[in-house]
Amino acid sequence: RAAFPRFYFVSDPNLLEILSQGSNPVAIQPHLQSVFDSIENVTFARNDKTKIDIISSNDGQSIPLNKPVKAEGNIEDWLNALLR
């Protein structure tokens, strides 16, 4: 939780599931709203399922990222990259 402070606001069962699915970024989609208030889901590149290129909000707005986020390695690292 110290590596990614937003994890302090996630329940223990959800956090455990998020961390256990860290190698499968698509599987954490249902938990994004517990980590980020305004992100409902992310869209992965068609040719690379580890590259996030669009962020979508609860109200249907989508934001294409100028620089796609590579969702690999430590989950807290690439979640931090989504914040930038």
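The values are calculated or read from the model by the stated rules, or taken from the named source; none is laboratory data. Everything quoted here is computed from the prediction, not taken from an experiment. All Cβ positions, even for glycine, are placed from backbone atoms using ideal geometry, and neighbour counts span all protein chains on display. Surface accessibility is based on the protein's heavy atoms, side chains included, excluding ligands, DNA and RNA. Shrake-Rupley method; radii C 1.70, N 1.55, O 1.52, S 1.80 Å.
Express in Å², to the nearest 10, the accessible area of Ser11 obtained by rolling a 1.4 Å probe over the protein heavy atoms while all chains stay in place.
Estimated to the nearest 10 Å², Ser11 gives 60 Å².
For the chain, with all protein chains present and a 1.4 Å probe, just round the carbon and sulfur fraction of the accessible area to a whole percent.
On the way: 2640 of 5360 Å².
Answer for the chain: carbon and sulfur cover 49 percent of the accessible area.
How much net charge surrounds Leu19 when only the other residues with a Cβ under 14 Å from the Cβ of Leu19 are counted, with Lys and Arg +1 and Asp and Glu -1?
Numbers: positive: Arg1, Arg6; negative: Asp12, Glu17, Glu76, Asp77.
Around Leu19, the surrounding residues sum to -2.
Keeping all protein chains in the complex and leaving out DNA, RNA and ligands, what accessible area do you get for Leu19 with a 1.4 Å probe, in Å² to the nearest 10?
90
Can you return the aspartates and glutamates within cross-link range of Lys49? Criterion is Cα-Cα under 19 Å, with same-chain partners fewer than 8 residues away left out.
Straight-line reach from Lys49, under 19 Å: Glu40, Glu72, Glu76, Asp77.
Any idea which of Asn47, Leu83, Ser34 is furthest toward the positive side of the dipole for the chain, if Lys and Arg beta-carbons carry +1 and Asp and Glu beta-carbons -1?
The residue sitting most towards the positive pole is Asn47.
Any idea what log10 I(q)/I(0) is at q = 0.15, 0.19, 0.25 Å⁻¹ for the chain, Debye with uniform C-alpha scatterers and no solvent?
Evaluating at q = 0.15, 0.19, 0.25 Å⁻¹ gives log10 I(q)/I(0) of -0.49, -0.81, -1.43.
Can you tell me the dipole magnitude for the chain around its Cα centre, using point charges on the Cβ only (Lys, Arg +1; Asp, Glu -1), in Debye to the nearest 20?
260
Would you mind working out the accessible area per residue for the chain, using a 1.4 Å probe, and quoting it in Å²? Intermediate values should be presented prior to the final figure.
Numbers: 5360 Å² over 84 residues.
In whole numbers, the chain has 64 Å² accessible per residue.
Between Arg46 and Ala81, how high is the FRET efficiency from 1/(1 + (r/R0)^6) when r is the Cβ-Cβ distance and R₀ = 30 Å? Nearest 0.05.
Working: r = 20 Å, r/R0 = 0.67.
After rounding, the FRET efficiency stands at 0.90.
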